[in-house]
Amino acid sequence: MQWQPNSRNFLRDLWRLSVPYWRSQERWRSGGLLGTIISLNLSGVGLSVVFNNWNKYFYNALQDRDLAAFEYQLLRFLFLSLATIIVAVTQTYLRQLLIIRWRHWLTNRYISGWLDHRAYYRLQLTNSSTDNPDQRIADDIDGFTSSTLSLTIGLLSSVVTLVSFVTILWGLSGTLEFAIGQYSIAIPGYMVWAAVFYAIIGTWLTHKIGRPLVKLNYDQQRFEADFRY
């Protein structure tokens with residue numbers, strides 16, 4: 001298979017690879033797992049917001065030398081830490097369980113397709129551009145399931161976190177006022193815009209630096225598969 005970093009068919013191929021599992025007999029149990037994972041993920045974001053508020057009350061208690069408030073915030077910290085650990089560990093366990101079930105189903109499906117009617121033999125006769133199907137079944141399915149689930153859940157978490165903390169940061173930022181010549185300029189929520197600018201620059205640099213690594217990783221997997229074959 002030729003490397004096509006700008007393929008317009010990426011989303012279509014992703015859909016074709018993903019949808020059959022979620023329409024199979026596994027859909028109800030796996031859908032329940034996915035729903036639970038999403039709920040735990042959102043709970044983790046909520047706990048992050050609560051922790052952010054906790055920091056304010058905790059350091060206010062230190063500043064005011066309020067022993068009763070300090071002890072109360074320590075007790076809150078214990079409960080919040082315990083809840084965060086439980087949510088994180090449970091989410092990790094369920095995510096790995098879903099990845100295993102998804103990989104198991106896809107592996108059985110593609111092994112059956114590869115072996116039925118001696119497809120492995122006919123692929124060699126037709127000069128197919130698909131190289132090392134055994135490696136793709138053994139390794140690429142694992143990478144596909146884990147990466148797809150992690151990126152999807154991560155995107156959801158990032159969006160919810162962004163909305164939650166932008167709201168908090170906007171309230172804390174206030175308005176930045178300055179003058180340029182005879183003009184007076186006011187920027188409401190200036191810290192939010194500074195964070196957005198920082199994120200855009202960081203994302204652009206990451207893309208420029210990391211983009212060549214994608215093809216290098218692809219070539220490495222292909223060369224190792226050729227060597228094993």
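The values are calculated or read from the model by the stated rules, or taken from the named source; none is laboratory data. For clarity, every value in this text was computed on a predicted model and none was experimentally measured. Cβ coordinates were reconstructed from backbone atoms using ideal geometry, including for glycine residues, and neighbour counts include every protein chain displayed. Note: accessible area is taken over every heavy atom of the protein model, side chains too, but ligands, DNA and RNA are not part of it. Shrake-Rupley method; radii C 1.70, N 1.55, O 1.52, S 1.80 Å.
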Here the qualifying pairs (Cβ atoms under 6 Å; residues six or more apart or on different chains; first in the stretch 178-200 and touching a residue at least 12 places away in the same chain (Cβ under 8 Å); second open to solvent by 60 Å² or more (accessible area, probe 1.4 Å)) come out as 187/176; 188/175; 189/170; 190/176; 192/170
Within the stretch 43-64, does at least one residue satisfy the condition of being basic (Lys, Arg), modelled with pLDDT under 90 and more than 17 Å from the chain's Cα centre (by Cα)?
yes
Would you mind stating whether residue 25 is part of a loop (DSSP other than H, G, I, E, B), open to solvent by 60 Å² or more (accessible area, probe 1.4 Å) and either under 30 Å from residue 136 (Cα atoms) or touching a strand residue (DSSP E or B) at 6+ places or on another chain (Cβ under 8 Å) (or both)?
yes
Of the residues 34, 17, which is open to solvent by 40 Å² or more (accessible area, probe 1.4 Å), aliphatic (A, V, I, L, M), part of a helix (DSSP H, G or I) and modelled with pLDDT of 90 or more?
34
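The rows are residues; the columns are (1) open to solvent by less than 80 Å² (accessible area, probe 1.4 Å); (2) in contact (Cβ under 8 Å) with a residue 40 or more places away in the chain; (3) among the aromatic types (Phe, Trp, Tyr); (4) within 30 Å of residue 50 (Cα to Cα).
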position	(1), (2), (3), (4)
119	yes, no, no, no
122	no, no, no, no
131	yes, yes, no, no
146	yes, yes, no, yes
159	yes, no, no, yes
164	yes, yes, no, yes
170	no, no, yes, yes
Any hit, the stretch 99-118, residues being under 16 Å from the mean Cα position of the chain (by Cα), farther than 30 Å from residue 193 by Cβ and either in a helix (DSSP H, G or I) or not β-branched (Val, Ile, Thr) (or both):
yes
Name the pairs whose Cβ atoms lie under 8 Å apart, with the first residue in the stretch 207-229 and open to solvent by 90 Å² or more (accessible area, probe 1.4 Å), the second aromatic (Phe, Trp, Tyr), and 6 or more positions between them or separate chains?
215/3
Expected single match for open to solvent by less than 70 Å² (accessible area, probe 1.4 Å) and part of a helix (DSSP H, G or I) among 187, 153 is 153
